1. Could you figure out which of (1) modelled with pLDDT under 95; (2) polar (S, T, N, Q); (3) open to solvent by 40 Å² or more (accessible area, probe 1.4 Å); (4) not in a loop (DSSP other than H, G, I, E, B) isn't true of GLN68?
2. Just to be sure I understand, how many residues within region 119-142 are outside any helix (DSSP H, G or I), in contact with a strand residue (DSSP E or B) (Cβ under 8 Å, 6 or more places away or on another chain) and hydroxyl-bearing (Ser, Thr, Tyr)?
3. Within region 94-118, which residues are in contact with a helix residue (DSSP H, G or I) (Cβ under 7 Å, 6 or more places away or on another chain) and assigned to a loop (DSSP other than H, G, I, E, B)?
4. Being assigned to a strand (DSSP E or B) and hydrophobic (A, V, I, L, M, F, W, C) is the filter; apply it to region 29-52 and report the residue that is farthest from VAL114 (Cα to Cα).
5. Assess whether ALA55 counts as being outside any loop (DSSP other than H, G, I, E, B), modelled with pLDDT of 85 or more and open to solvent by less than 30 Å² (accessible area, probe 1.4 Å).
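The values are calculated or read from the model by the stated rules, or taken from the named source; none is laboratory data. Model, not experiment: these values are computed from the prediction. Positions of Cβ are backbone-derived with ideal geometry, glycine not excepted, and every protein chain shown enters the neighbour counts. Protein only, heavy atoms only, side chains kept; ligands, DNA and RNA dropped before computing areas. Shrake-Rupley method; radii C 1.70, N 1.55, O 1.52, S 1.80 Å.
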Amino acid sequence: MHQLRRRDRRPARRVPPEPARRPAFRLSAGGADLVLVGYFSAKQKDFDTLMAAAATELAAHGARVLAQIVQRRGVSDGGARKMGLPYSSRTLLTYGKVREVAQVCDRTDADAVVFVAPLTERQQRTLTDILGRPAVSLTEVLAAG
């Protein structure tokens with residue numbers, strides 16, 4: 001005799017939906033008001049020059065840099081061995097520095113936040129949600145403009 005077939009109890013394999021792609025941030029024709037954020041290792045002594053060059057490059061593309069904020073890694077004791085790593089894989093910066101950036105953005109009514117360091121998609125999403133405005137890397141802004 002044949003045994004009755006039982007329904008397979010394993011869950012069906014589902015293909016996860018593709019995440020919705022956010023449109024790339026573009027500088028408007030009249031220019032955008034931006035907050036520039038730099039993340040640098042303590043080994044990098046010329047971070048002021050890099051921030052000034054980034055601000056000049058953005059100004060050449062028609063943007064106005066309202067504020068510049070710098071996060072340095074490895075300046076304090078204990079951080080020297082982790083200098084090349086971000087403080088947080090979610091936000092790149094420390095929680096306090098993210099709050100400081102959010103306060104500056106609210107005070108200056110900035111259109112976007114531009115990070116000198118490259119950001120992952122997860123970092124972009126997280127920072128955009130926290131800051132309430134687009135968070136993009138400098139290379140994306142310059143490539144789109």
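1. Among (1) modelled with pLDDT under 95; (2) polar (S, T, N, Q); (3) open to solvent by 40 Å² or more (accessible area, probe 1.4 Å); (4) not in a loop (DSSP other than H, G, I, E, B), GLN68 violates only (1).
2. Looking only at region 119-142, we keep the residues that are outside any helix (DSSP H, G or I), and these are 119-120, 132-137.
Checking the rest, the ones that are also in contact with a strand residue (DSSP E or B) (Cβ under 8 Å, 6 or more places away or on another chain) come to 119, 133-137.
Subsequent filtering for residues that are hydroxyl-bearing (Ser, Thr, Tyr) retains 137.
The qualifying residues number 1.
3. VAL116, PRO118
4. Initial filter on region 29-52 (assigned to a strand (DSSP E or B)): 33-41.
Now restrict to residues that are hydrophobic (A, V, I, L, M, F, W, C): 34-37, 40.
Working: LEU34: 7, VAL35: 6, LEU36: 5, VAL37: 6, PHE40: 14 Å.
My answer is PHE40.
5. Details: outside any loop (DSSP other than H, G, I, E, B): yes; modelled with pLDDT of 85 or more: yes; open to solvent by less than 30 Å² (accessible area, probe 1.4 Å): yes.
The answer is yes for ALA55.
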